[in-house]
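Undergrad: Right, I'll just put the structure down here and ask away after.
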Amino acid sequence: MSLHAELALLSGPPAAKPRGWAVTRTGRAPGDAPTLVLVHGVGAARIVWAPVLAPLAARYDVVAVDLPGHGASAPLPAAADPGCPALAGELARVLADVGVDRPHVVGNSLGGWIALELAAAGAAASVTGLAPAGLRLEPGEPSRLLRVNRLLARAAGPLGERLAENTAVRRVTFASGSVDPAALDPGLARGVGHALRTSTAYEAMIAATHRITFDRGAEVTVPATIVFGDTDPILPAPDNQRRETAPPGARWVVLPRCGHAPMWDAPARTVELIGETVRAAQSEAA
């Protein structure tokens with residue numbers, strides 16, 4: 001299935017840039033359907049959500065953001081705290097600026113950690129973490145693959161993005177994100193490669209993960225679903241997938257034949273899990 005329209009929307013000019021954050025808003029009209037906020041991981045951008053955008057937009061008012069120093073967003077201010085708790089606080093202010101209050105939040109990797117922080121702060125109606133970072137008992141070194149991927153993207157430059165058209169190249173360069181990287185849409189691969197190469201906040205956000213973990217699980221009182229692929233080289237079990245650090249009562253799902261980006265390897269199941277989490281929150285609120 002071609003993702004041309006979704007890729008164009010998510011890589012094109014944002015609909016708004018409150019506080020310098022690039023925002024794409026699409027799907028159902030606000031007020032006619034639940035609002036769903038999508039938060040990508042470090043070194044990525046809004047474009048990562050292209051494989052699930054169409055089915056989500058058919059059901060929800062969808063808001064996709066670029067983190068500071070990523071995609072079309074402004075750089076992370078020099079004095080800003082690059083840690084996930086601070087980023088979650090700023091995201092809450094960005095959402096308030098576009099009229100969004102306590103949305104359902106979906107995040108991948110570092111974005112999953114930010115989503116959990118939003119929920120802990122009472123700023124989310126539900127949370128779906130797709131391979132969320134932060135679920136460790138103690139702070140520690142991030143995966144070496146994160147630094148390797150960044151180095152390769154910067155060394156290859158724009159040529160590397162063009163080479164993403166090649167199946168064999170995708171099989172090598174996206175092996176840390178997907179169990180079937182050759183099957184990734186070439187346009188998606190180009191966009192993700194560009195985001196990784198051009199991010200200006202990558203090192204600062206990675207460094208911030210050395211110092212802290214997500215430690216507010218007990219403060220999350222809304223429905224939460226934690227999703228990991230069974231083959232995740234970026235956040236491998238068990239050290240990075242500690243259930244005791246997740247919100248109490250969170251639904252924990254392991255997807256077969258799935259890597260670090262469930263929305264790529266299992267898009268239909270990812271949409272289902274998001275829907276189930278949203279419905280659980282609606283049932284609690286009824």
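Undergrad: Residues with beta-carbon under 11 Å from that of residue 202, excluding residue 202: net charge, scoring Lys, Arg +1 and Asp, Glu -1? Please list the in-between numbers first.
TA: Values: positive: 147, 150, 154, 197; negative: 203.
Result for the local shell: +3.
Undergrad: Same structure, new question: In nm, to one decimal, how far is the residue 182 label point from the residue 165 one, both placed 7 Å along Cα→Cβ?
TA: Computed distance between label sites residue 182 and residue 165 equals 1.9 nm.
Undergrad: In addition: Just to be sure I understand: with springs between alpha-carbon atoms less than 10 Å apart, which residue in 210, 104, 70 has the highest mean-square fluctuation in the Gaussian network model of the chain?
TA: Greatest mean-square fluctuation among the candidates belongs to 210.
Undergrad: Note down the accessible area of residue 136, probe 1.4 Å, to the nearest 10 Å².
TA: Its heavy atoms expose roughly 60 Å² to the probe.
Undergrad: Sticking with this structure for a sec: So if each residue of separation counts as 0.36 nm, and I subtract the Cα-Cα distance between residue 59 and residue 221, what length gain in nm does that give?
TA: Numbers: separation 162, 0.36 × 162 = 58.32 nm, distance 2.41 nm.
Between residue 59 and residue 221, full extension yields 55.9 nm more.
Undergrad: Please pull out the direction-averaged projected area of the range 1-77, using the convex hull of its alpha-carbon atoms, in nm² to one decimal place.
TA: 5.0 nm²
Undergrad: How high is the relative contact order of the range 77-236, in percent, with contacts defined as C-alpha pairs under 8 Å that are six or more residues apart? Don't jump to the answer; show the numbers that get you there.
TA: Details: 223 pairs, mean separation 49.5, N = 160.
In percent, rounded to a whole number, it is 31.
Undergrad: Round to a whole angstrom and tell me the spacing of the C-alpha centers of the range 41-106 and the range 216-257.
TA: If you average the Cα positions of each part, the centres end up 20 Å apart.
Undergrad: What whole-number value in cubic angstrom gives the convex hull volume per residue for the C-alpha atoms of the chain?
TA: 111 Å³
Undergrad: State in Å² the accessible area per residue of the chain; use a 1.4 Å probe, count heavy atoms of protein chains only, and round to the nearest integer.
TA: Solvent-accessible surface per residue comes out at 41 Å².
Undergrad: State, as an integer percentage, the relative contact order of the range 152-204 based on alpha-carbon contacts under 8 Å between residues 6 or more apart.
TA: Normalised by residue count, the contact order of the range 152-204 is 43 percent.
Undergrad: How much length, in nm to one decimal, is gained on full extension between residue 210 and residue 154, taken as 0.36 nm per residue of separation minus their Cα-Cα distance?
TA: Result for the pair: 17.9 nm of gain on full extension.
Undergrad: Which order do 161, 219, 117 take when ranked by solvent-accessible area (1.4 Å probe, heavy atoms of all protein chains), largest first?
TA: Sorted by accessible area, descending: 219, 161, 117.
Undergrad: I want the antiparallel fraction of DSSP beta bridges within the chain, as a percent rounded to 5.
TA: Close to 20 percent.
Undergrad: Give, to the nearest whole percent, the P(r) tail of the range 48-184 beyond 25 angstrom, counting all Cα pairs.
TA: 37 percent
Undergrad: Rounded to the nearest percent, how much of the accessible area of the chain (1.4 Å probe, protein heavy atoms only) is carbon and sulfur?
TA: For the chain, the apolar C and S fraction of the accessible surface comes to 56 percent.
Undergrad: Return an integer: the convex hull volume of the alpha-carbon atoms of the range 137-183, in Å³ per residue.
TA: Numbers: hull volume 3.5 nm³, N = 47.
It comes to 74 Å³ per residue, whole-number rounded.
Undergrad: With springs connecting C-alpha atoms under 10 Å apart, model the chain as a Gaussian network and identify which of 188, 163, 118 has the largest mean-square fluctuation.
TA: So, out of 188, 163, 118, the one fluctuating most is 163.
Undergrad: Here's a follow-up. Please work out the FRET efficiency for the pair residue 203 and residue 286, using the Cβ-Cβ distance as r and a Förster radius of 30 Å; give the result to the nearest 0.05.
TA: Numbers: r = 45 Å, r/R0 = 1.51.
Using R0 = 30 Å, I get an efficiency of 0.10.
Undergrad: For residue 188, what is the net charge nearby, where nearby means another residue's Cβ is under 12 Å from its Cβ and Lys, Arg count +1, Asp, Glu -1? Mind showing how you got there, number by number?
TA: Values: positive: 46, 170, 190; negative: 6, 161, 165, 185.
Net charge in that neighbourhood comes out at -1.
Undergrad: Please work out, to two decimal places, the log10 of the ratio I(q)/I(0) at q = 0.11, 0.15, 0.16 Å⁻¹ from a Debye calculation in which every Cα of the range 27-116 carries one identical scatterer.
TA: Taking Cα atoms of the range 27-116 as identical point scatterers yields -0.29, -0.54, -0.61.
Undergrad: Then there is this: Taking the Cα atoms of the range 145-286, report the difference between the largest and smallest coordinate on each principal axis, in whole Å and largest first.
TA: The Cα atoms of the range 145-286 stretch 52, 35, 26 Å along the principal axes, largest first.
Undergrad: Looking only at the range 11-122, where both bridge partners belong to it, what percent of the DSSP beta bridges are antiparallel (to the nearest 5)?
TA: If we restrict to bridges inside the range 11-122, about 40 percent are antiparallel.
Undergrad: Given Cβ point charges of +1 (Lys, Arg) and -1 (Asp, Glu) and nothing else, what value in debye, to the nearest 20, does the dipole of the range 1-123 about its Cα centre take? It would help to have the intermediate numbers written out before the result.
TA: On the way: 8 positive and 9 negative charges, 31 e Å.
Computed charge dipole of the range 1-123: roughly 140 debye.
Undergrad: What whole-number value in cubic angstrom gives the convex hull volume per residue for the C-alpha atoms of the range 138-229?
TA: 131 Å³
Undergrad: What's the local net charge at residue 125, with K and R +1, D and E -1, over the other residues with C-beta under 12 Å away?
TA: Every neighbour counted, the sum reads 0.
The values are calculated or read from the model by the stated rules, or taken from the named source; none is laboratory data. Keep in mind the model is a prediction, meaning the values are calculated, not measured. Glycine gets a Cβ as well: all are built from the backbone with ideal geometry, and neighbour counts include every protein chain shown. Accessible surface areas use protein heavy atoms only, side chains included; no ligands, DNA or RNA. Shrake-Rupley method; radii C 1.70, N 1.55, O 1.52, S 1.80 Å.
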